[in-house]
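Rule-based calculations on the coordinates, nothing more; no lab input. In this text, all values refer to a predicted model and were calculated from it rather than measured experimentally. Cβ placement follows ideal geometry from the backbone for every residue including glycine, while neighbour counts extend to all protein chains displayed.
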Amino acid sequence: MPSPKSKNPVRGGGSPVLGSSNGRYDFMSLTKPLNRSSPPHQRQGSDPATARLRASESPTRRRGSSSSTGSGQGLPEEDGLRLNPSFIRVALSSLLAIDLWMSKTMGVCACEDSSWGSVRPLMKLIEISGHGIPWLAGTAYCLYKSDSATGQEVMLNLFMGLLLDLVLVTIVKAVVRRRRPAHNRMDMFATFSVDRFSFPSGHATRAAMCGRFLLAHLVLAAPLRFLVVLWAALVGLSRVLLGRHNVTDVMFGFWMGYVQYNLIEMLWLSPQTLQGLLGQLA
Ligand SMILES: CC(C)=CCC/C(C)=C/COP(=O)(O)O
């Protein structure tokens, strides 16, 4: 049995850079923790040859001169730091590519002649059910028609929550300024300036926030509770199927709306508080 050493090309007098157990060459892991029990020259990552391999892997090194790798010196500290950001950048770019690919693939109702074009009218109906205007108008109407203090209190806080949602979504959209998917046909009704931006999905934030609100204050029967959750999920799904948003816009929107409900609970306005506020304004 030939010595493993004789089969492996050894570079720079260090331990073999390539491992070979069954005659197949494969790179020794550069990420394994140092094996303190083995003699220093066999430790991965600490010998000049492995350091050279790691240096040659470094994107910044590939572009630079090879002189530093010729000396077999270990990586200077800052090189290690430069590798981490490039790894993070690669990971984020990959996630973005997956996001765009999934969103494009799922945009099957983006227009009438899309693969699921016949479902588009139903998705548009779901889109309207999650629009800010019907929710604001409906809540204001219920607040006006309510004849109990509790009902008025609940409707008032839902109305304030809807306004809070609009403000926060507008701010985030205006800051992030992510364009909507290229396959989107911007035929939504009653949009305003920042609605040309995609991140986050205002429908998703509203669906999550109102869904939690309804479950906490207005809907008790189990079948109805299930329908509320189903409605919220369909609103989010419709955003991607219609091509209005990328998947990450909707996922972040759900999270943001879920958290917004916590804000509503924290800032809950009782009728007394509101009367006091209105009294001060008068
Ligand atoms: C005009 C009012 C009161 C609300 C705007 C509602 C709207 C068009 C939000 C955008 O939702 P997406 O970000 O999900 O497309």
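When each of R206, R120 is scored by the number of other beta-carbon atoms lying within 10 Å, the sequence from fewest to most is R120, R206.
Expressed in Å, the radius of gyration and Dmax of the Cα atoms of segment 117-281 are 16.4, 55. Spin-label model, S115 to I88: label points 7 Å out along the Cα-to-beta-carbon direction sit 3.7 nm apart. For Y144, Y258, the sequence from fewest to most other C-beta atoms within 10 Å is Y144, Y258.
Listing K145, K124 from fewest to most neighbouring C-beta atoms within 10 Å gives K145, K124.
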